[in-house]
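Asker: For reference, the structure I am asking about is given below.
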Amino acid sequence: MTASRFDVLGIGNAIVDVLAHADDAFLAANAITKGAMTLIDDARAEELYAAMGPAVEISGGSAANTIHGVAAFGGKGAFVGKVRNDQLGQVFAHDIRAAGVQFATPIAEAGAATARCFILVTPDAQRSMSTYLGAAGALTPDDVIEADVADAGVTYLEGYLFDPAPARAAFYKAAKIAHGAGRKVALTLSDSFCVDRYRADFLKLIESEVDILFANEAELKSLYETESFDDALQALGHHCPVAALTRSEHGSVVLWDSEVHVISASPVAKVVDTTGAGDQYAAGFLYGVATGRDAATCGHLGSLAAAEVISHFGARPEADLAALAKSAGLMA
């Protein structure tokens, strides 16, 4: 495989995260399911925004968070996602470009507003998300730039964006371009509710197009409709050559060409906010893959990034991940 202009190119929902602290009483009073992600419409978005306390707004979205993390390791990243030409769209574009990530998707001049995700973090560090997808769901195959995908070591697809048919077509277009250029394709299942809705479609995509799969334990068991993690892992081995499967405080399991590696969780002094843990795990792992690291090192880079992000408020790293990795002996 020839050298690439980008280590990782992500395709996903371009979302501005609106983060605030809340207690269980607020969640109950506003009919918010704790620990879950719920899709909402624009009216509900306005209602929640008015009810929330002081908040921090920062560009987010699962795949965008991951690409931001790749850049924090010193990697070269690009992101494909749709925003509207409005205030939050400008916030998103500024933040991701300021991180050194290429963002060249044409901005919509009409249609739905830029997507936003209201993330309420309770004292136990759980995050409850209410997401208005808005313009993010308007991504089409035309937004996928062939030269960029062909020039990325790994193209990373976000399961949350699988719902709209044009976005799904964009996934398949990108996968075809990537494989045609001898590159790799990765997919994150994103959430169990995504798996429940699109199980057969995800399995088809995994079997035909995916080289690297990311999932947590619940998502994997949902994919194969089993209560046993080991049974699901065995089934996955027949469908995908590489998988990174996270298990919260129990670390992760990496499936790598029939080898199974158990990766411990990196230590963290205090868990403040679990938002973005899976996204940053993927960032470390993909950075490792794109730069030729072995399976165990990729897993440990993922654990390191996840531990950093859950130690503070917000879904993106605040520390220099490259420096942390060097201190841990994972990078020269």
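Every read-out reported here was derived from the displayed coordinates using simple, explicitly stated rules and does not represent laboratory data. It should be emphasised that the depicted structure is a prediction, and the values quoted were computed from it without experimental measurement. Cβ: placed from backbone, ideal geometry, glycine included. Neighbour counts: every protein chain shown.
Asker: Rounded, prolate or oblate: pick one for the range 212-332, where a ≥ b ≥ c are the square roots of the eigenvalues of its C-alpha gyration tensor, a/c under 1.5 means rounded, and failing that, prolate if a/b is larger than b/c, else oblate.
Answerer: Values: a/c = 2.30, a/b = 1.42, b/c = 1.62.
Note, shape of the range 212-332 comes out oblate.
Asker: Compute the Rg to Rh ratio over the range 174-227 from the alpha carbon atoms, using the Kirkwood formula for Rh, and round to two decimal places.
Answerer: Across the range 174-227, the Cα-based Rg/Rh ratio is 1.02.
Asker: Something else about it: Can you give the charge dipole size of the range 213-283 about its Cα centre, rounded to the nearest 20 debye, using +1 on the beta carbon of Lys and Arg and -1 on the beta carbon of Asp and Glu?
Answerer: Rounded to the nearest 20 debye, it is 220 debye.
Asker: List every residue whose amide H lies under 5 Å from the amide H of Asp7, counting only residues 5 or more places away in sequence or on a different chain, with H placed 1.01 Å from N in the peptide plane.
Answerer: Those lying under 5 Å, H to H, from Asp7 are Lys76, Gly77, Gly153.
Asker: Evaluate the relative contact order of the range 48-147 (contact order divided by residue number), counting alpha-carbon pairs under 8 angstrom at least 6 apart; express in whole percent.
Answerer: 26
Asker: Going toward the positive end of the dipole of the range 191-301, with +1 on Lys and Arg Cβ and -1 on Asp and Glu Cβ, which of Leu233, Ala295, Phe193 do you reach last?
Answerer: Most positive-ward Cα: Ala295.
Asker: With the dipole of the chain worked out from charges on the C-beta (+1 for Lys and Arg, -1 for Asp and Glu) around the Cα centre, which of Leu88, Gly53, Leu330 lies farthest toward the positive end?
Answerer: Final value for the positive-end residue is Leu330.
Asker: If you plug each phi of the range 308-324 into the Karplus form 6.51 cos²θ - 1.76 cosθ + 1.60 with θ = phi - 60°, what whole-Hz ³J(HN,Hα) values come out, in order, with x for Gly and Pro?
Answerer: 5, 6, 7, 8, 8, 6, x, 9, 10, x, 9, 8, 6, 5, 4, 5, 5
Asker: Using the Cα centre of the chain as the reference point, and only Cβ charges (+1 on K/R, -1 on D/E), how large is the resulting charge dipole? Debye, rounded to the nearest 20. Numbers along the way, then the final one.
Answerer: Values: 23 positive and 41 negative charges, 125 e Å.
Approximately 600 debye in magnitude.
Asker: Enumerate by residue number the GluC sites (Glu not before Pro) in the range 85-158 meeting two conditions: DSSP loop (anything except H, G, I, E, B), and at most 13 other Cβ atoms within 10 Å of the site's Cβ.
Answerer: Glu109
Asker: Answer with one residue from Asn13, Ile212, Ile145: the one whose Cα lies farthest towards the positive end of the charge dipole of the chain, charges on Cβ with Lys, Arg +1 and Asp, Glu -1.
Answerer: Going by the Cα projections, it comes out as Ile145.
Asker: Express the relative contact order of the chain as a whole percentage, based on alpha carbon pairs under 8 Å and six or more residues apart in sequence. Working shown, then result.
Answerer: Numbers: 749 pairs, mean separation 59.4, N = 332.
Relative contact order of the chain: 18 percent.
Asker: Could I ask something else about it? For Asp191, enumerate residues with amide H under 5 Å from its amide H, sequence gap 5+ or separate chain, H modeled in the peptide plane.
Answerer: none
Asker: Taking the alpha-carbon set of the range 1-130, what are its Rg and Dmax in Å?
Answerer: Computed over the Cα atoms of the range 1-130, radius of gyration and Dmax are 16.0, 55 Å.
Asker: Mind checking the dipole of the range 1-85: about its Cα centre, +1 per Lys or Arg Cβ, -1 per Asp or Glu Cβ, Debye to the nearest 20?
Answerer: On the way: 6 positive and 9 negative charges, 103 e Å.
For the range 1-85, the charge dipole is close to 500 debye.
Asker: State the label only: which of (1) 0.99; (2) 0.92; (3) 1.30 corresponds to Cα Rg over 2.2 N^0.38 Å computed from the shown model?
Answerer: (2)
Asker: Sticking with this structure for a sec: I'd like the distance between the alpha-carbon centres of the range 173-196 and the range 243-279, rounded to an integer number of Å.
Answerer: When both Cα centres are located, 20 Å separates them.
Asker: Now, a different point. Step through the residues of the range 50-55 one at a time and calculate ³J(HN,Hα) from phi using the Karplus curve (6.51 cos²θ - 1.76 cosθ + 1.60, θ = phi - 60°), rounding each to whole Hz and writing x for Gly and Pro.
Answerer: 5, 7, 5, x, x, 9
Asker: Quick one: which residues, 5 or more positions from Met37 or on another chain, have an amide H under 5 Å from its amide H? H modelled 1.01 Å from N in the peptide plane, none for Pro or chain starts.
Answerer: Amide H to amide H, under 5 Å and 5 or more residues apart or across chains, Met37 pairs with Met129.
Asker: Compare the peptides 22-34, 63-75 by average per-residue count of other Cβ atoms within 10 angstrom and give them in order, highest first.
Answerer: Top to bottom by mean Cβ count within 10 Å: 63-75, 22-34.
Asker: For the peptides 273-285, 201-213, what is the packing order when you average, over each peptide's residues, the other Cβ atoms within 10 Å and list the highest mean first? Could you put the intermediate results ahead of the total?
Answerer: Working: 273-285: 28.2, 201-213: 17.9.
Top to bottom by mean Cβ count within 10 Å: 273-285, 201-213.
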